1. Could you give the distance between the Cα centres of region B:1-62 and region A:27-98, to the whole Å?
2. For label points placed 7 Å from Cα toward Cβ, what is the shortest-first list of nm distances from residue A:119 to its copies?
3. Taking a label point 7 Å from Cα toward Cβ, how far is residue B:265 from its twins in the other copies, in nm, shortest first?
4. What is the Cα centroid distance between region B:218-259 and region A:223-266, reported in whole angstrom?
5. If the elastic network links every pair of Cα atoms under 10 Å, which of B:326, B:130, B:229 fluctuates the most in the Gaussian network model of chain B?
6. Can you show me the helix-derived [θ] at 222 nm for the protein assembly as shown, built from DSSP H runs with n ≥ 4 at -39,500 (n - 2.57) apiece and divided by the number of residues, rounded to the nearest 500.
7. Relative to the other copies, what are the label-point distances for residue B:183, with labels 7 Å from Cα along the C-beta vector, expressed in nm at one decimal and sorted shortest first?
8. What residue among B:106, B:270, B:232 has the largest mean-square fluctuation in a Gaussian network model of chain B, using Cα springs under 10 Å?
């Protein structure tokens, strides 16, 4: 096997090598049972144990209270944009949304198809380079919830504190789940696609307060009701077994590596190294405002688009892969999720110094 | 690695060993690129090639005409029960359904949530032990389609010929896709969860006639419109990358093993061995009527429930795993999908002979 590259991709993204090695073994012969993991019936006692381990892993790491159900669903966060209002809003009810980027906008669009979205704040005019402060918006008294995207992958912004509101919070945490603790007392529901910080693509984690499950109308298709999946421990139909299994492995790895608190510390260190580099020279310019900077996705520009192209090309040649920014804002982006090793950040910084020197 | 067991599970089910071995390698280091398959960005050229190969594999094997789109979706066949009427029926339109078992019933339930289902035939009174003949039902003139489940996993029945109708056919082929040729000229849409005959759980294949894509109303959530996924080649959002990749590998394996025609021949041989055994002694009793017998799932009973428990137990001990029938009908079931080796069927028959002799 050649050397492993550093994968700065925004998702699917890098995973712990231990997880990959274990998965490779289990796929061919699970627990030496003479059957591959992905051939196991989801009703077998072997797979039920896999499910139980993933559920318990998430619950322990995130300290999920007993009155919240942990669901492993399909369809990605994009399906949650519709399921949240389908399950939580009646036809004449509304939810309040903070528009901090592409994924928030998509959620707003779906809420308006199903019920009504009040957009209390939009950062669109400033190219989504920040998240709002509490004083920047108000939430209508007759709104059912306040929805926000905790980390904006594309723009590289992140809420440092939970938005304050007397409404329950709903959050899309796809790109920073498991990177810090969550105060569930403020939340009605959180969700996250696994493929950034928690596993491979193909499973979406939903953690929902149990008393909300009965809100859903019987005009909602069975598979789109949280209640359906909660009642059957995510086994109403065949679940995405392999992706669930990987989430369980990632949880084990997280636990062995300091848990969510340990990750928060390491992530802060990794991000500081990179932001310090960016701030040390006018050659690089961070996209996000300083107090909104994401610890997961570091977005920056070079003096010209041509230099950015060259930078990304040379980076790839050196095994620093996936540094291209999202097509909607261009520039560069380094995604440094939980499983991304600090050495990769140090190598990137060394390359950035070299590249700036050669091209200034 | 210990000996590989024979996995008679109805799904997730047995997969070709070559597929497992290749997946194990690629998960750690894809194409020797120093990055794991499940870490690849779905927008990377490496993964785009994986997608293209899977799409082309399905198209070639099933001879899918150019005017049909091949989609790789999430949510399982159970989500398709709702998506079919959501996309194909207006509020005052109806589809016609043949109720041949649990999965048909679930599809009927969802169609009635969204629009209206006409049940033209039900085999429920006879414990779903057969599929109807064309003369057994009529389809209303104002119906939009005729929906049927091509193979009924739980009851072990299968349509040998396509139901005749001047309406377009819609079919849930989850448990016999890729086991025989499909005459697409009769179809509007087919779908199939991958985890029985085509790959691991987590991806659902939908093949839909392009002219039907525009039927969907804009009140349907974006992710539930076929049109959304068709316009973006199943990459509107992050797809279930690993499961798609495996479908591509299975297609390669199928091609190397005689394609769909080769499988049809082998499947007929395997099933004949088992049904001949069942018919050779009154000790075993097939559940399905002879002309409705499935080549994929062979359901049968023993003289008493106690003997069935003992049979399943002894089978498991001999490495003949997953022989327990579905809880809704009990008894025994041997699922012998494409990837199930003939030797496993021969071993099962030898065990059945021995068990009958010892317990008659």
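Throughout, read-outs are computed from the coordinates displayed, never taken from laboratory work. Everything quoted here is computed from the prediction, not taken from an experiment. So basically every Cβ, Gly included, is an ideal-geometry build from the backbone, and we count neighbours across all protein chains shown.
1. For region B:1-62 versus region A:27-98, the Cα centre distance is 23 Å.
2. With the label placed 7 Å along Cα→Cβ, residue A:119 yields 4.6 nm.
3. In ascending order, 6.6 nm.
4. What the calculation gives is 23 Å, centre to centre.
5. Maximum among the listed residues: B:326.
6. Result for the protein assembly as shown, helices only: -11500 deg cm²/dmol.
7. Once sorted, the set of distances for residue B:183 reads 6.6 nm.
8. B:232
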